[in-house]
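Readers should treat all values here as calculations from the given coordinates under stated rules, not as data from a laboratory. Please read these numbers as outputs of a predicted model, since none were measured by experiment. For neighbour counting, all protein chains shown are included, and Cβ atoms are generated from backbone atoms with ideal geometry for every residue, glycine included.
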């Protein structure tokens with residue numbers, strides 16, 4: 001059994017501008033580092049197909065899909081919010097990212113892969129049901145969850161989001177759905193300043209103050225998540241893997257190190273081993289210091305490849 005690594009050259013064609021932190025260089029840094037460390041040799045490299053319209057409709061209504069298509073320029077860039085730009089290759093990349101998450105579900109659940117990592121962009125966890133924002137257009141992790149529930153007939157799916165920014169889009173989509181338990185840690189107060197308080201019972205938020213130590217982060221997450229995850233007994237663990245809580249990241253003010261991401265991965269692999277027959281799928285969200293991102297993803301994948 002192997003760890004699937006889903007990526008595609010066309011992810012690099014989506015480019016929101018030379019100064020934008022969510023850049024094509026993010027994926028290049030990861031892939032180069034995996035080659036240097038040898039972890040890349042342990043992976044099953046898979047080129048995904050685009051998500052179909054019917055698959056996107058599991059999460060996003062027709063009107064929203066049509067709106068994005070009408071906005072996509074034939075040249076130049078169009079901003080859907082102050083941080084999020086579309087250019088001619090954007091929606092192809094976004095459909096590939098969504099398709100990779102769906103394809104990973106279709107391969108992990110039958111046992112073709114032990115687990116999987118989607119090395120894709122644009123990310124997805126800020127995309128709400130009818131709104132693009134925060135560098136995101138389609139909510140990739142929510143699409144994976146709905147694929148597992150609707151097509152594969154699972155009863156319980158956990159989504160764990162450790163990006164430094166709260167996954168408001170995922171909370172918007174899955175809030176109140178008792179088939180899904182969403183556990184999220186994030187710097188607070190911080191962008192996007194929503195979906196933090198008065199959430200449905202299936203949303204477990206762990207807000208982390210800026211400047212918190214790695215030890216304080218670990219304690220808060222372990223105490224906030226583990227009991228609820230074990231009580232929920234997920235049949236599949238989905239991870240929105242944002243590595244922008246690293247102390248070197250320019251967009252945030254947490255102090256996590258690469259070893260903290262290894263610890264997080266080991267904890268989630270343990271939950272998947274206990275309840276989900278090792279079935280875990282993670283997809284790249286944030287992480288904007290190229291060296292820290294590459295090192296953290298490498299550590300994350302090193303743990304995933306050791307699951308037998």
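Taking other C-beta atoms within 10 Å as the exposure proxy, 185, 32, 296 rank 32, 185, 296 from fewest upward. Neighbour counts of C-beta atoms inside 10 Å place 195, 188, 14, 125 in the sequence 188, 195, 14, 125, starting with the fewest.
Ranked for footprinting exposure by Cβ neighbours inside 10 Å, fewest first, 30, 46 give 46, 30. Using only alpha-carbon positions in segment 203-274, the gyration tensor eigenvalues give semi-axes of 23, 13, 11 Å once each is multiplied by 5 and square-rooted (largest first). Using a cutoff of 8 angstrom between alpha carbon atoms and counting only pairs six or more residues apart, the relative contact order for the chain works out to 20 percent. Reducing segment 254-308 and segment 80-103 to their Cα centroids gives an inter-centroid distance of 23 Å. Counting only DSSP beta bridges whose two residues both lie in segment 3-305, roughly 15 percent are antiparallel. Taking the inverse of the mean 1/r over every pair of distinct Cα atoms in segment 137-278 gives a Kirkwood hydrodynamic radius of 15.2 Å. Sort segment 42-148 into rounded, prolate or oblate with this rule: let a ≥ b ≥ c be the square roots of the eigenvalues of the Cα gyration tensor; rounded if a/c is under 1.5, and if a/c is not under 1.5, prolate when a/b is larger than b/c, oblate otherwise. In terms of gyration-tensor shape, prolate. Segment 1-70 and segment 152-221 have Cα centres separated by 23 Å. Semi-axis lengths, largest first, of the ellipsoid equivalent to the chain are 25, 21, 21 Å, with √(5λ) applied to each eigenvalue of the Cα gyration tensor. Mean projected area of the Cα convex hull of segment 1-73, taken over all directions, amounts to 7.1 nm². Its DSSP H runs of at least 4 residues, each contributing -39,500 (n - 2.57), put the calculated 222 nm mean residue ellipticity of the chain at -12000 deg cm²/dmol, to the nearest 500.
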